[in-house]
Amino acid sequence: MTTFPDKLKDALRRRLPAQLPARLGVAVSGGGDSVALLHLLAENAQSVSLYVATVDHGLRPESRTEADRVAEMARDMGLAHEALRWTGWDGSGNLQDQARQARYRLLTDWARRNDVPAIALGHTADDQAETVLLRLGRASGVTGLSGMPAARELNGVQLLRPLLDVTRQELRDYLNAHGLDWIEDPSNHDLRFDRIKAREALAGLEEIGITARSLSRVADNLAQAREALDVFTQETARQVLRAETGDICVDRAGFVALPSEIQRRLLVGSIQWIAGAGYPPRQMAVEQALSALRQAETTTIGGCMVVAKDENTWICRELGAISVQPSKPGDLWDSRWILTGPQRSDAQVRPLAEAGLRQLPDWRALGKPRAALVASPAIWAEDTLLSAPLAGFSNGWRAELASEVPELHSSFLSH
């Protein structure tokens, strides 16, 4: 018979990569889940150097004291610890969403600073189940209902969730059995938050067999379906999508002949490849853009333009979505381009825009839509256009996609 400690150990190993990095970060808030994760990793990953980080959102008076308690715990275990302070909330917008985004940004920045290639997070089967319930309420599809992945890359750092097969209660039992303390966050009982409402609703569903563990298994099943769809989408992308100087040319007839789910995945993946892999556009916006693409119309979505031209449709950056702040040559522009060329102290990287296009009388020979060219990067000295590498006027300059931008077709495996 498998004992309780062995069961946790097996669950942990099942979700962790076969080969862990030599330096592994652990995000520890001080709550029971993350404290248990830290101790389980310390017990079962002895060949790995652990580094602990705590995100202090500063939203409760006790948060600094709680971060100090985690620092003391890490010190007692002989582990390095750093508290990461967030001061970015101005009181507007969705607090939980902004705090979540800030948490991941702070953690991945910390990991890169400390040469830590992966971070373990304490999400449990209960967290997975709550995520599935919340996404059911939003009528999510396969991707949304597949829940949180056991592993994914964010900002160049691998995020690992090795406790997705373990319930919150099992971790509390482990902590109690080892005489370990943890901090109870009062917000875990605040029904103003949707996640806490989902937690309460889940407790009432157990009578009909809907439990944290069963919903977590549903998420696993749908994750397998999502992976199969990702592979098919990637293969299809090679047939109907062509990357051209940072834009995407769509074979419209081939695209329209595809199943609607594959069309949706191709469109969303294309937008994220061009505008950045943040949150995907809302479902209604995606449906409107798909309708425009099928009918050879022009529209905007997620910082991109969808532009019909002849038998193709182009997906390109939207000029109005690009920051008005110029950048220096050699710096990252619009989160994806790096322009290099002759040394000039007065050179700036800005969009080509209409003013630049008027200085390029032969731009139509390129065969690209006007909207794609005006949003492309150009080198300016005041009002003088020095170069527009993607519009056929290089003048000694080059525009290259940054190394972190993936090849178009391979990027569909991550969406």
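For volume of the Cα convex hull per residue in Å³, pick the label among (1) 145; (2) 175; (3) 132 that corresponds to the value derived from the coordinates.
For volume of the Cα convex hull per residue in Å³, the calculated option is (2).
Report, ordered by chain and residue number, the lysines lying within cross-link reach of LYS9, taken as a straight Cα distance under 27 Å and ignoring same-chain residues fewer than 8 apart.
Partners within reach: none.
Filter the GluC sites (Glu not before Pro) in the stretch 126-228 down to the DSSP loop ones having no more than 15 other Cβ atoms within 10 Å, then list what survives.
Of the GluC sites (Glu not before Pro), the ones in loops of the stretch 126-228 whose Cβ has at most 15 other Cβ atoms within 10 Å are GLU184.
Over the stretch 148-230, give the accessible area per residue in Å² for a 1.4 Å probe, as an integer.
So the stretch 148-230 comes to 55 Å² accessible per residue, rounded to a whole number.
Suppose the chain between ASN44 and ALA177 were pulled fully straight at 0.36 nm per residue; how much longer would it get relative to their current alpha carbon spacing?
46.2 nm
Treating cross-link reach as a plain straight distance, find the aspartates and glutamates whose alpha-carbon is under 12 Å from the alpha-carbon of LYS309, omitting any fewer than eight places away in the same chain.
Cross-link targets: ASP251, GLU297.
Any idea what angle helix 194-205 forms with the longest principal axis of the chain, computed on alpha-carbon atoms, 0 to 90 degrees, nearest 10?
So the inclination is approximately 50 degrees.
May I ask you to list the chymotrypsin sites (Phe, Trp or Tyr not before Pro) in the stretch 35-89 that are in a DSSP loop and have at most 15 other Cβ atoms within 10 Å of their Cβ?
Passing both the DSSP loop test and the Cβ count: TRP89.
Which of the GluC sites (Glu not before Pro) across the stretch 1-73 are loop residues per DSSP, with 13 or fewer other Cβ within 10 Å?
Details: sites: GLU43, GLU62, GLU66, GLU72; in loops: GLU62.
Within the stretch 1-73, the qualifying GluC sites (Glu not before Pro) (loop, at most 13 other Cβ atoms within 10 Å) are GLU62.
Any chance you could give the angle, 0 to 90 degrees and rounded to 10, that helix 95-113 forms with the longest Cα principal axis of the chain?
Long axis of 95-113 versus the principal axis of the chain: about 90 degrees.
Skipping prolines and chain starts, which residues have an amide H placed within reach, meaning under 5 Å, of the one on LEU386, given they are 5 or more residues away or on another chain?
ILE379, TRP380, ALA381
Which value, in Å², gives the accessible area per residue of the stretch 38-130 when a 1.4 Å probe is used on the protein heavy atoms?
48 Å²
Give me the one-decimal nm value for the distance between modelled label points at ALA18 and PHE232, 7 Å along each residue's Cα-to-Cβ direction.
Taking the simple label geometry, ALA18 and PHE232 are separated by 2.8 nm.
Return one whole number: the accessible area per residue of the stretch 302-364 in Å², for a 1.4 Å probe.
55 Å²
By how many degrees, 0 to 90 and rounded to 10, does the Cα axis of helix 212-240 deviate from the longest principal axis of the chain?
Helix 212-240 sits at roughly 20 degrees to that axis.
Ranked from the most accessible area to the least, with a 1.4 Å probe and all protein chains present, what is the order of SER291, SER146?
Details: SER291 40, SER146 5 Å².
Final ranking, largest accessible area leading: SER291, SER146.
Report the residue, chosen from ASP173, ASP383, ASP185, that carries the largest GNM mean-square fluctuation when the chain is represented by alpha-carbon nodes joined by springs under 10 Å.
ASP383
Please identify, among ARG138, ARG217, ARG344, the residue showing maximal mean-square fluctuation in a Gaussian network model of the chain using a 10 angstrom Cα cutoff.
For the chain, modelled as a Gaussian network with Cα springs under 10 Å, the answer is ARG344.
Keeping all protein chains in position, work out how much accessible area SER270 exposes to a 1.4 Å probe, and write it in Å² to the nearest 10.
Around 0 Å² of this residue is reachable by solvent.
Using a 1.4 Å probe on the protein chains only, how many percent of the accessible area of the chain belongs to carbon and sulfur?
Values: 10180 of 20720 Å².
Carbon-and-sulfur percentage of accessible area, whole number: 49.
Would you look at the GNM of the chain, springs on alpha carbons closer than 10 Å, and say which of ALA321, ALA388, ALA378 moves the most?
ALA321
The values are calculated or read from the model by the stated rules, or taken from the named source; none is laboratory data. All of these numbers come straight from a predicted model, not from anything done at the bench. Cβ sites come from the backbone with ideal geometry, for glycine too, and all protein chains shown count toward neighbours. SASA here: full protein model, heavy atoms, side chains in, ligands and nucleic acids out. Shrake-Rupley method; radii C 1.70, N 1.55, O 1.52, S 1.80 Å.
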